[in-house]
1. Pairs only if they're at least six apart or on different chains, beta carbon under 9 angstrom, first in region A:242-265 and facing another protein chain (nearest Cβ under 7 Å) and part of a helix (DSSP H, G or I), second surrounded by fewer than 18 Cβ atoms within 10 Å (Cβ to Cβ) and of a type in the set (Phe, Trp, Tyr); list them, first residue then second.
2. Going by the conditions given, is C:Leu79 at positive phi and modelled with pLDDT of 70 or more?
3. If you go through region A:81-132 one residue at a time, how many are within 14 Å of another protein chain (Cβ to nearest Cβ) and in contact with a helix residue (DSSP H, G or I) (Cβ under 9 Å, 6 or more places away or on another chain)?
4. Please determine, by comparing only the residues of region A:225-241 that are touching an Asp or Glu at 6+ places or on another chain (Cβ under 8 Å) and more than 9 Å from every other protein chain (Cβ to nearest Cβ), which one is surrounded by the fewest Cβ atoms within 10 Å (Cβ to Cβ).
5. Since B:Lys139 meets every condition but one in (1) crowded, with 16+ Cβ neighbours inside 10 Å; (2) of a type outside the set (A, V, I, L, M); (3) part of a loop (DSSP other than H, G, I, E, B), which condition does it not meet?
6. Exactly one condition in (1) away from chain C (no Cβ under 14 Å); (2) part of a loop (DSSP other than H, G, I, E, B) is not met by B:Lys21; state its number.
7. Return yes when A:Val144 is of a type outside the set (Asp, Glu), within 29 Å of C:Ile244 (Cβ to Cβ) and at pLDDT below 85 and no when it is not.
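The values are calculated or read from the model by the stated rules, or taken from the named source; none is laboratory data. As the structure is a prediction and not an experimental result, all values here were calculated from the model. Counting neighbours? That spans all protein chains shown, and the Cβs are built from the backbone with ideal geometry, glycine included.
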Amino acid sequence: MLKKFLKNKVAMLTTILIVFVAFVGIFAPILAPNDPYKTDILNKFSTFSLSYPLGTDHLGRCVFSRMLYGIRPTLGLAALTMLGTIGLGALMGLLAGYFRGWIDEIIMRVVDVMLSFPSQIMVFAVVALLGINVQNVILANVFVKWAWYARMIRTGVLKYRDRNFVLFSRCIGNRESFILGRHLLPSIASEMAVLASLDIGWAIINISTLSFLGLGVQAPIPEWGAMLNEAKNVLTTNPVQMLAPGIAIVVVVSAFHLLGDALRDILDPKEANL
Amino acid sequence: MSTVLEVSKLSVTLEKGKYEKNILDNIDFSVHQGKCLGILGESGSGKSMTAKAILGLLPREFVVSGKAMYQGKDLLGQSKETLRQMRGKEITMVLQNPMTCFDPLYRVGYQLAETMRVHTDWSKEEIRSRLVQILQDMKIRDGGEVLEKYPHQLSGGMLQRIMIGLAMALKPTLLIADEPTTAIDAIIQYSVIQEFQRIKEEHGTAMIFISHDLGAISCVADDVLVLNQGKVADMGSFHEILHHAKDPYTKLLIEKRAAVMQKYRTALKKGGTAYA
Amino acid sequence: MKNYVIKRILAAIPLLLCISFVCFVFINLIPSDPAEVALRVRQVPVITEAAIAEVRAELGLDKPYLVRYVNWLIDCLQLDFGVSYTNPSRTVAGELVRCLPATLMLAGTSLVMVILLSLPIGFFCAVYKDSWFDRLTRGIIFMTTAMPAYWVGLLLMWFVSIQLDLLPTSGNGTWKHLILPAFTVSLTYISTYIRLIRNNMLENMKEDYVLYANVRGLPQKTILTKHILKNSMHTCIVAIGMSIPQLISGTIVVENVFAWPGLGTLCITSIFNRDYPVIQAYVLLIGVLFVVFNLLFDILQTLADPRLRNEVV
């Protein structure tokens, strides 16, 4: 399977792009030409120059540097969200699918209620409830999305739990947790990988939307959604402020979508031919 | 006894990008008025493809070459619109899975009527009375009620007979039956085969009967074309094929089939029932 | 048939109760004391114990949990959602009603746009599969799914309102104000439905009844519209129906961008003001709408499909 991954041009390109962006984000302090927080009112709305590659914003800060620093909250928070969502969802799904009985019933009822709510509203409600800060943004997203994964993983577990290799493993006396971790998890991992890469895009958009509305990452921290919020007011005078973060979001989310599609092609044998 | 359809050097190739596969290779046969040609072969031998190729029903990826002369015209060279007008009226077809061939969202009567509306300018009342007549001819009782039913409410055998009835409704010159007995149970199979025999005798329609079942073909066909993996394995009258088959594949087919039938007969005789 | 409908409605009731319970619990999970918060929001200068106790009694917070839940539920059924924390003179129900028409107008127009645009485009993408039109559309759809709705709004605002000066940028006055926000809201759903209809049609094209229709000599137009499209639409009914509550809840962001005075703006303002009763009522409203519309269109789909309809009768 790794060979197929390496051969698939789309998967390789998008992965390289994403890793590159993550790299830039991590090494932003070294790569950014200016301090993203330093204001220089006299120099506001300057055009592209060598010291300010994308010009400056309404407070005279370097847009390019803010973009680079902005990778951190955008990607970082999204990654944390996904970890939390998949972690909680996987745990619940595995428990429900593997042990069945009343554990399954309770978990699935909760999942049903969670899924009948619109995710957007729930995120807002949770943020409203817990207060406006970054942790709550992550918590809200995890709270909303785990149910989806729980259901998916439960379906996957149900498919595999009665397979021969699981029964055999139990026969020779392996502990339940061992079976869960070593046998079932890798089987469903591939489906999870596809879903996760498509969902990271959703997470990025969601986090940036919250920041845009002022409910997530607060000013003056550079984050692409928050930057767009500030850009809203200066649309006529400095459109670059609005275009740059937006295009960045589109590129990164598209990369994740393409990666998800490519992964699906790699992992699904039927799609491979013709 | 005139020739209704004459096919020469019919070939079909599947072309998808760089991938090319030969489906049918140089098929020749002819069909005569009042006679039935049986096309015999295993699954994948290209039987259905032959019929679809002649009627222009294959998607773009399939390249068709050769000649199919029908009433002086080469079907393979006709425009889509001309072919469409002939389908359902002059050349009709009965398909394999009657349960899935009708649109599940429309009543059966509507679908039959829409076919007639396309090919004729009969009034609504005339269409309705003809449809009831057709159902009667097919020995379906309460034709009026049946027309109001949805496809999923009728059995496979009944839908098959309705299909045959529709195929004969506009008095076609050529009727093609693609595995009409495959998807229905044995008892109904017999009555369906009887229908085909009746059609041949009463209406003098030319027929092509496609099947993998030697038994079914034996009841209806006068001539037999045996296909094996897209190529003609044997061709001749039914009697010739049965007793003097030239191709080893055909001989094998007949031998095995005869052996099965023999075993079956012996088993039944032992059981005490006198089946011929 | 009636039995089926009644059974489905009865099955939905526990779900509605659950949702209402979650909403009720919601307010009581706030880290801080709602009475204190209310006082702070009302900008009472000195917060004494007595004042808190008074407000608690006023808001009914001193009674046992279950009693409060039942009382609250009964009030909700009578459409009494309490008063706003920020402005006790205004009832929550009143606020919702004030802002609802604007949102309904926006959501309604978006729905119309979605249906008018996605149906024909999806149809032609399927009919002319892999043509330049199909590929172009799929490319645009791909891009649109990666764009956050608010950025699309900003982009449109910049391009259409400012550069081309064709439409106003914000506010709510004439029909001209409606176009950009409605289009922004509908864009996400248009992409989804174009894809849905295209895929449904392509799958239906492979079905046996299409082959038989061709065998019978029906013209392509009839086959495509009367048979393939109708079958494809059937599977979309629930999806399209569910988009109505989704559109209503999805206007939040766009209302913010275009300063459209609807429920979304109300919700955001309430979040900033910590006006919990309003938020609670909004979430409850949307949750109920979701369940109701899901139920409604599920039943409609069963009714519309003869195979399911007869099973059920």
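1. Final answer for the pair search is A:Ser254/C:Phe142; A:His257/C:Phe142.
2. Yes, satisfied.
3. The number of residues fulfilling the criteria is 26.
4. My answer is A:Val234.
5. The failed condition is (1).
6. (2)
7. When the stated conditions are applied, A:Val144 passes them.
Quick grid of which residues meet (1) basic (Lys, Arg); (2) within 14 Å of the chain's Cα centre (by Cα); (3) more than 11 Å from every other protein chain (Cβ to nearest Cβ):
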{"site": "C:Gly241", "(1), (2), (3)": "no, yes, yes"}
{"site": "C:Gly250", "(1), (2), (3)": "no, yes, no"}
{"site": "C:Glu255", "(1), (2), (3)": "no, yes, no"}
{"site": "C:Leu285", "(1), (2), (3)": "no, yes, no"}
{"site": "C:Leu289", "(1), (2), (3)": "no, yes, no"}
{"site": "C:Asn294", "(1), (2), (3)": "no, yes, no"}
{"site": "C:Asp298", "(1), (2), (3)": "no, no, yes"}
{"site": "C:Gln301", "(1), (2), (3)": "no, no, yes"}
